[in-house]
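The values are calculated or read from the model by the stated rules, or taken from the named source; none is laboratory data. Computed from a predicted structure; not experimentally measured. Cβ atoms come from the backbone with ideal geometry, glycine included; neighbour counts cover every protein chain shown. For accessibility, only protein heavy atoms count, side chains too; no ligands or nucleic acids. Shrake-Rupley method; radii C 1.70, N 1.55, O 1.52, S 1.80 Å.
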Amino acid sequence: MKPPPFAYFAPRSLDEAVKLIDEHQDDGKLLSGGQSFVPVLSLRLASPATIIDLNRVEGLGGASEMPDGGLRVRGLTRHREIELSPLVARLNPLLTGTMPHVAHVQIRNRGTTGGSCSHADPAAEMPAIALTCDADFVLTSVTGERVVPAGEFFQGVFTTALEANEILTEIRYPAWPKGRRWGFEEMARRRGDFAIVGSAVLVDFDEAGRCGAAKITIFGAGDIPLRIAEAEEMLVAKGLTPETMREAGRITSAAIEPRDDLHASADYRRDVSAVMVRRALEQTASPLRTGVAA
Amino acid sequence: MSSHKSHDIGAGTAPLIGRSLQRVEDARFVTGTGTFIDDMKVENMVHALVVRSPHAHARIGAIDTTELLAHPGIIDVFTTADIAEYAAEIPLRLAPLVGYERYLQRPFAVDKVLYVGDPVAVIVADSRYIAEDAQDLLMIDYEILPAVTDVHASAKNESILNEKAGTNVAFSYRVSEGDIEAAFAAADYTRKESFYCHRHSGVPLETRGMIASYDATATDHKLKVWGATKVPWFNRRALAKMLRMEEADIRFVETDVGGAFGIRGEFYPEDFLIPFATMRVKRPVKWIEDRREHLMAANHSREMECDLEIALSKDGDFLGLRGVFRADMGAYARTNGGVPPAKAAQFAPGPYRVGAVQMDVAGLMTNKTPIGTYRGPGRYEVNFFRERLLDLAAADLGISPVALRMKNLIPADMMPYTTGKLCPYEEPVQYDQGDYPGTLAKIAEAFDFDRMKAKVEACGQKNGKRQGVGLAVFVESGGAGPSETARIEVTPTGKIEVFTGVTAQGQGHETVLAQICSDGMGGVPFGDISIFHGDTDKLEWGFGTYHGRGVTVGGSAILLTARKLAAQLVAMAARRTNLGIEELELKDGAIRKKGAAPGEPPVMTLEALAASADDPAELKAVEKFAPANRTYTSGAHAAHVEVDVETGKVEVLRYLIVEDVGRCINPALVHGQAIGGAVQGIGATFLDELVYDAEGQLLTGSFADYLMATSNEFPEIEAITLETSLSTLNPLGAKGAGEGGIVGAGGALANAVSHALGPLGVNVTSLPLNPNNVLRMIRQATPRQAAE
């Protein structure tokens, strides 16, 4: 469990970083928090000839408010910083509320949001949250920036829209509308483990208290996190009741194609997906699950 | 390295036995200044990599080392042909079950590999990195054979692991006491269940490792091996025999050890291969097992099936118990691999009076990592089988689980009590002193078991969750022979040095053994005592640490030696001072007049006495303690759980252990043993599992997949230590205290989960209780309605 030999670069600027990854795109890998990548190297599941360490790149971390009230989270922002940020809590309480489920404090201290999304583990929380929020991903290369919506970013297990010469520099979360509530539920073997299966939901209530929009994501139940449009539409049509929340769970179970693995069977994932969705939706009944009042 | 100065807590504090002194080891462990094997560096040292079979069962063809040897930084490679001259089998240390010896492992696989991880070559390189880089250049042809991955496939003998033996059934025997047929014929109630205990193991956080160095011209020790633990003298003897060297030419030295739990410190293939490597390359060689290797190379344990049948009278009298055990032994016979099945059968009747007992035991070879002992070998398994069956019987007969057990526990006035000869290689078991009903009464009261049971039953299902409570009662042996030796010396400055055959893997032996020595020598200041352990150069012979014998046997040897040396020093002082022996005593670290007032100057200090010695022999004593029999610790576990019936996740709301350990030397450390054991046992029941696929590939090769309990999982664990029944088998009155925390966990939790889910029709007969399995049991019992 020792990594193979590799050339190592530690650029200081984004310009330098994108040039390096452009130059080494055939056999290079980016290193951010290293919480998944370093074990992958040690187990020799990957043997890149070149590693470009982003940790010293200036300006690649931190969260800020966008002019339209949206939240900009730079790629190298540590999970722990997101968890503890009052700004994030105000602009996107779902993100804040999910953070305690992301691994352990020690890992959150080091792991980055861009690294997690670029790695695209099907059971990771960050991709699911980005998808739920309809976030945009900013990908930077020597030729400039392009913006890819979350729905197109995740393409398969450990596979994203990132080209070999691109860096995920920013995730933009749209502004949190008034009347939005959130729910998050996951089933993990131990606290901090990757989820066997989990669900993130957002429900936008109009002034009359009706469900104006719903966003339901299931993760760990397939190759990528999935939005369950049929369930979302059903909730808008029928409103949130104990019965419709159960129905949303059933629709989810039917919509996914989970796999067996060491920790749970496909049947288990199918059954428990319904439970996760229903429980996440039930959470939206609580006024605590709205945004922090501005 | 193995000696550490005790904290000085001052003189005049005797007796120390029974006091929760802080561990003297803690300071170096918590400040990161311990010396574990990977902390050691020896000049000119090179690094070894053990190349392991990627296949579960395959014939080894041509091996080509040419390309590998051409790689920069590669120093040497050797394979089975290179050790042919030496390739003796690794001997059994314990449990000589007839037939099992046919499957002994050699350092390298010969002709065939039999499990994923079977050693086939050793690469020696300038660094471990280089060795891993070059590993794929070693060309080995394999002809893949069908893998045998469970006991049923094994028993069919369609694919034979060991062609010379001609069968996969390594051993098969029956033990019995009483007339089993008559017992079942007379029974008003019988019930038979088929149980399965899953494969898991000890998994210490520090993996195995060693450094070996060889100097043919050395006059004292030609071969030195650091990293030994558990049973260094036995392992040195085995190595000497395999290498055809004199034992005296080999020195084993123990470093700090980060956990062992039975699996670390046994003689493994690497214990030959690394010393052999250093002799080939004539440079010190270091080998550190990585986690992936550890999970496939170090002993696995626990995996067995058991069909168990109980016979009761209508009043619940325990008339008979018969069982059939099928143990998955893995690919080879390891040094102590026969222990788990043999002990499971022997402990099947547990702490109960059972009219007749019959156990059929078979060990079946499979293409998986070989089996060895893990903390509470055989006991964790059989306590689950028996205690679960008792709960089923209690429910069937409408008797409370506490009452059925209480009725059948061996009463204190029947002690000592024999359960008969239930192990083919041992004399009949004789339980020593113990108040088993008292222990159960204690836990029932402390847990408020009957009331809790009624309460959770009345509660039913709330918010998709159900609660349950469960019990398991156990008896557990400790203090196995053979003897242990101690030597105690007075240094020229009047300090005390203790040399023991006991080894230390983190238990706190340096603390408790010093407590015992202090009391044995009239209160020698704790801080003046140094404990030296695990070095074959420091003591002629020792047996080591296993099976709850560190204190019971090793500590007793120290107590006897301390008393002998104390008497010797008093006699010596009497000669020097012309006072009568009967007028003097060794007290608080000096020779004093008996009855001297506090503060009165001593007759002689130990330093003065040491200076006056004509012969160094006057200042030292050696004594052995050989236990006449084993000690038996009794206890019980109680669990209160909540099961999420929609996800199958179990939360442990309360966990309590009550354990009667006889004399408790250091209550804080005994308590720590109980809690630590419980964490392992509870973790094992829900999390730990070594999983293979149908081709015999190990799927749980890292901590991402082999899940161990962390500090988050099971916070609510309590332990009560009783000193009700002092052992009469050793001068301390102590019993083993290392395994009681783990041995009841499977049983108590299976009972609690079954209690919670009983109304849904769930009967737990198989471990582990992971969410997937629990939900599957709920689904099978109540198809598709539980989630609604």
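List of remarks:
- Residue pairs meeting the criteria (Cβ under 6 Å; at least 6 apart or on separate chains; first within 13 Å of another protein chain (Cβ to nearest Cβ) and closer than 22 Å to residue B:332 by Cβ, in region B:110-131; second open to solvent by less than 10 Å² (accessible area, probe 1.4 Å) and at pLDDT below 95): none
- Any strands (runs of 3 or more DSSP E) falling wholly within region A:163-269 and containing at least 1 residues that are touching a residue at least 12 places away in the same chain (Cβ under 8 Å), open to solvent by less than 20 Å² (accessible area, probe 1.4 Å) and more than 29 Å from residue A:115 (Cα to Cα): A:211-219
- Test for residue A:12: is it within 14 Å of chain B (Cβ to nearest Cβ), without any contact (Cβ under 8 Å) to a residue 60 or more places away in the chain and surrounded by fewer than 18 Cβ atoms within 10 Å (Cβ to Cβ): no
- Selection over region A:121-145 of residues that are farther than 14 Å from residue A:75 by Cβ and touching a Phe, Trp or Tyr at 6+ places or on another chain (Cβ under 9 Å) gives a count of 11.
- Within region A:15-26, being over 11 Å from residue A:141 (Cα atoms), open to solvent by less than 70 Å² (accessible area, probe 1.4 Å) and among the charged types (D, E, K, R) holds for no residue.
- Within region B:195-207, residues that are at negative phi and among the aromatic types (Phe, Trp, Tyr) have Cβ atoms under 8 Å from residues that are in a loop (DSSP other than H, G, I, E, B) and buried (at least 24 other Cβ atoms within 10 Å of the Cβ) in these pairs: B:196/B:767, counting only partners at least 6 apart in sequence or on another chain.
- Taking region B:595-609 as the range and being among the small types (Gly, Ala, Ser) and under 17 Å from residue B:571 (Cα atoms) as the test, only B:608 passes.
- Pick from region A:32-45, criterion away from chain B (no Cβ under 14 Å) and out of contact with any Lys or Arg (no Cβ under 6 Å at 6 or more places or on another chain), ranking: surrounded by the fewest Cβ atoms within 10 Å (Cβ to Cβ): A:34
- Qualifying residue in region B:376-385 (condition: of a type in the set (Ser, Thr, Tyr), open to solvent by less than 10 Å² (accessible area, probe 1.4 Å) and more than 22 Å from residue B:322 (Cα to Cα)): no
- Set side by side, the residues B:273, B:295, B:308 differ, and just one is within 14 Å of chain A (Cβ to nearest Cβ), open to solvent by less than 10 Å² (accessible area, probe 1.4 Å) and touching a strand residue (DSSP E or B) at 6+ places or on another chain (Cβ under 9 Å), which is B:295.
- Hey, residue A:153 under 26 Å from residue A:87 (Cβ atoms) and touching a helix residue (DSSP H, G or I) at 6+ places or on another chain (Cβ under 6 Å) or not: no
- Scope region B:612-635; condition open to solvent by 10 Å² or more (accessible area, probe 1.4 Å) and β-branched (Val, Ile, Thr); matching residues: B:622
- Failed item, numbered, when residue A:39 is tested on (1) in contact (Cβ under 8 Å) with a residue 60 or more places away in the chain; (2) closer than 30 Å to residue B:135 by Cβ: (1)
- Qualifying residue in region B:499-513 (condition: among the polar types (S, T, N, Q), open to solvent by less than 10 Å² (accessible area, probe 1.4 Å) and over 23 Å from residue B:738 (Cα atoms)): no
Yes/no matrix, rows are residues, columns are (1) surrounded by fewer than 24 Cβ atoms within 10 Å (Cβ to Cβ); (2) assigned to a helix (DSSP H, G or I); (3) in contact with a strand residue (DSSP E or B) (Cβ under 7 Å, 6 or more places away or on another chain); (4) in the same structural domain as residue B:516 (by TED's automatic domain parsing):
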{"position": "B:562", "(1), (2), (3), (4)": "no, yes, yes, yes"}
{"position": "B:566", "(1), (2), (3), (4)": "yes, yes, yes, yes"}
{"position": "B:574", "(1), (2), (3), (4)": "yes, yes, yes, yes"}
{"position": "B:579", "(1), (2), (3), (4)": "yes, no, no, yes"}
{"position": "B:598", "(1), (2), (3), (4)": "yes, no, no, yes"}
{"position": "B:602", "(1), (2), (3), (4)": "yes, no, yes, yes"}
{"position": "B:610", "(1), (2), (3), (4)": "yes, yes, yes, yes"}
{"position": "B:637", "(1), (2), (3), (4)": "no, no, yes, no"}
{"position": "B:642", "(1), (2), (3), (4)": "yes, no, yes, no"}
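For (1) more than 19 Å from residue B:268 (Cα to Cα); (2) open to solvent by less than 40 Å² (accessible area, probe 1.4 Å), each residue gets a yes or a no:
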| residue | (1), (2) |
| --- | --- |
| B:110 | no, no |
| B:116 | no, yes |
| B:123 | no, yes |
| B:142 | yes, no |
| B:146 | yes, no |
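- Every residue from region B:102-113 that is touching a Pro at 6+ places or on another chain (Cβ under 9 Å), closer than 27 Å to residue B:343 by Cβ and not in a strand (DSSP E or B): B:103, B:105, B:106
- Residues of region A:284-294 classified as in a loop (DSSP other than H, G, I, E, B) and either buried (at least 18 other Cβ atoms within 10 Å of the Cβ) or at pLDDT 95 or above (or both), total: 2
- A count restricted to region B:685-727 and to residues that are of a type outside the set (S, T, N, Q), buried (at least 16 other Cβ atoms within 10 Å of the Cβ) and more than 10 Å from chain A (Cβ to nearest Cβ) stands at 13.
- Residue within region B:133-145 that is away from chain A (no Cβ under 14 Å), within 30 Å of residue B:97 (Cα to Cα) and within 30 Å of the chain's Cα centre (by Cα) present: no
- Residue check for residue A:248: within 14 Å of chain B (Cβ to nearest Cβ) and in contact with a Leu (Cβ under 9 Å, 6 or more places away or on another chain): yes
- Top-ranked residue in region B:389-400 [being more than 24 Å from residue B:415 (Cβ to Cβ) and open to solvent by less than 10 Å² (accessible area, probe 1.4 Å); ranked as nearest to the chain's Cα centre (by Cα)]: B:389
- Flag for residue A:281 being open to solvent by 50 Å² or more (accessible area, probe 1.4 Å), within 23 Å of residue A:122 (Cβ to Cβ) and more than 10 Å from chain B (Cβ to nearest Cβ): no
- Each residue in region B:739-764 was checked for being in a loop (DSSP other than H, G, I, E, B) and open to solvent by 20 Å² or more (accessible area, probe 1.4 Å), and 3 of them qualify.
- Total residues in region B:344-362, condition open to solvent by 10 Å² or more (accessible area, probe 1.4 Å) and closer than 30 Å to residue B:107 by Cβ: 1
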